[in-house]
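Asker: For reference, the structure I am asking about is given below.
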Amino acid sequence: MDNFMYDNIEWDKFRHLFKRQEIPAKTILLNEGEISKQAFYIEQGCLRVCFNNNGKDITFQFFFEGESVSSIESFRTNQPSLFTIESIEPCIIHSISKKDFETMIETSTSIKQQVEEHAFQRLIFYQKLFLSRIKDNPEKRYLELLENNPKILLRVPQHYIASFLGITSVSLSRIRNRR
């Protein structure tokens, strides 16, 4: 759904199904272990997706304006979410319930195709992320982040970036100082 929701006439037909919310930073939209009942579209702000690993908070993705996020496996299958969704900045988000989402994709083949394409793009992203964690060292992951998604480095606190890269904040500082 990235960047097309409010630019598309088809989506406008369903705008009334979305609930607009202004939320402060550090607002949890979904807790790990809960069943997801909503999907979110970000009008303004930044969300992170994280999980708890033996008491350690691990961030593995960031979402910004024009992007959508949900715990898709939980949203679609009613299984507990594998992660938490939390705001990093004050945000304006639009949420849609599972029932309304299902109505929307059953009613519109165009939106259903767009949602399927979005899911496919997320799968590609996760595959690249997974392979990067296996084959690339932290400095290479940082350089790729700098090249491919510099807004993360400008808007996200360093401890979340370090967690995303799989390193400590101290290691991230060392890598940044070498640049």
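The values are calculated or read from the model by the stated rules, or taken from the named source; none is laboratory data. Small disclaimer: the values here were computed from a predicted structure and weren't measured. Ideal geometry is used to build each Cβ from the backbone, glycine not excepted, and the neighbour counts take in all protein chains shown. Calculation scope for accessible area: heavy atoms of the full protein, side chains included, ligands and nucleic acids excluded. Shrake-Rupley method; radii C 1.70, N 1.55, O 1.52, S 1.80 Å.
Asker: Give the long-range amide H neighbours of residue 88: residues separated by 5 or more places, or on another chain, with amide H under 5 Å away, using H modelled in the peptide plane at 1.01 Å from N.
Answerer: Long-range HN contacts for residue 88: 26, 46, 47, 48.
Asker: How much accessible area does residue 110 have with a 1.4 Å probe, in Å² rounded to the nearest 10?
Answerer: The value for residue 110 is about 40 Å².
Asker: Note down the relative contact order for the chain as a percent, whole number, built from C-alpha pairs under 8 angstrom at least six residues apart. Don't skip to the answer; put the middle values down first.
Answerer: Details: 272 pairs, mean separation 44.7, N = 179.
Dividing the mean separation by the residue count of the chain yields 25 percent.
Asker: I want to check the label-to-label distance for residue 21 and residue 128. Put each point 7 Å from Cα in the C-beta direction and report it in nm to one decimal.
Answerer: Placing both labels 7 Å beyond Cα along the Cβ direction yields 3.0 nm.
Asker: Here's something else I'd like to know. Please give the Cα centre distance for region 124-179 versus region 1-79, rounded to the nearest Å.
Answerer: 22 Å
Asker: Counting only protein heavy atoms and a 1.4 Å probe, tell me what percentage of the chain's accessible area is made up of carbon and sulfur.
Answerer: 53 percent
Asker: In addition: Taking only protein heavy atoms and a 1.4 Å probe, what accessible area per residue, in Å², does region 135-179 have with all protein chains in place?
Answerer: 60 Å²
Asker: What list of ³J(HN,Hα) couplings, whole Hz, do you get for region 157-168 from phi and the Karplus terms 6.51, -1.76, 1.60, once you set θ to phi - 60° and write x for glycine and proline?
Answerer: Those phi angles translate into x, 4, 5, 6, 5, 4, 4, 4, 7, x, 9, 7 Hz.
Asker: Also, quick follow-up: Rounded to whole Hz and in sequence order, give me ³J(HN,Hα) for region 62-67 from the Karplus expression 6.51 cos²θ - 1.76 cosθ + 1.60, θ = phi - 60°, writing x for Gly and Pro.
Answerer: Values, residue by residue: 10, 10, 10, 3, x, 10 Hz.
Asker: Just name one of 119, 23, 173: the one whose Cα is farthest towards the positive end of the charge dipole of the chain (beta-carbon charges, Lys/Arg +1, Asp/Glu -1).
Answerer: 173
Asker: How large is ³J(HN,Hα), in whole Hz, for each residue of region 169-178 in order, when computed from phi with the Karplus curve 6.51 cos²θ - 1.76 cosθ + 1.60 and θ = phi - 60°, using x for Gly and Pro?
Answerer: 4, 5, 4, 4, 4, 4, 4, 4, 5, 6
Asker: Rounded if a/c is under 1.5, else prolate if a/b is larger than b/c, else oblate: which is region 91-179, with a ≥ b ≥ c the root eigenvalues of its Cα gyration tensor? Present the calculation step by step, with values, prior to reporting the outcome.
Answerer: Numbers: a/c = 3.37, a/b = 2.20, b/c = 1.53.
Note, shape of region 91-179 comes out prolate.
Asker: Separate question: Once the piece of chain linking residue 60 and residue 106 is laid out straight, how much longer is it, given 0.36 nm per residue of separation minus the C-alpha distance between them? Spell out each step's value before the answer.
Answerer: On the way: separation 46, 0.36 × 46 = 16.56 nm, distance 3.11 nm.
So the chain would gain 13.5 nm between residue 60 and residue 106.
Asker: Then there's this: Per residue of the chain, what 222 nm ellipticity follows from adding -39500 (n - 2.57) for every DSSP H run with n ≥ 4, rounded to the nearest 500? If you can, show how the numbers build up before the last one.
Answerer: Working: 8 runs with 82 residues, N = 179.
Helix-only estimate at 222 nm: -13500 deg cm²/dmol.
Asker: If you don't mind, another one. Please check which bits of region 93-119 a label hung off residue 13 would reach, taking the label as a point 7 Å along Cα-to-C-beta and the cut-off as backbone N under 11 Å.
Answerer: 104-112
Asker: Given charges of +1 on the Cβ of Lys and Arg and -1 on the Cβ of Asp and Glu, with all other atoms neutral, how large is the dipole of the chain about its Cα centre, in debye to the nearest 20?
Answerer: On the way: 24 positive and 23 negative charges, 149 e Å.
For this selection, approximately 720 debye.
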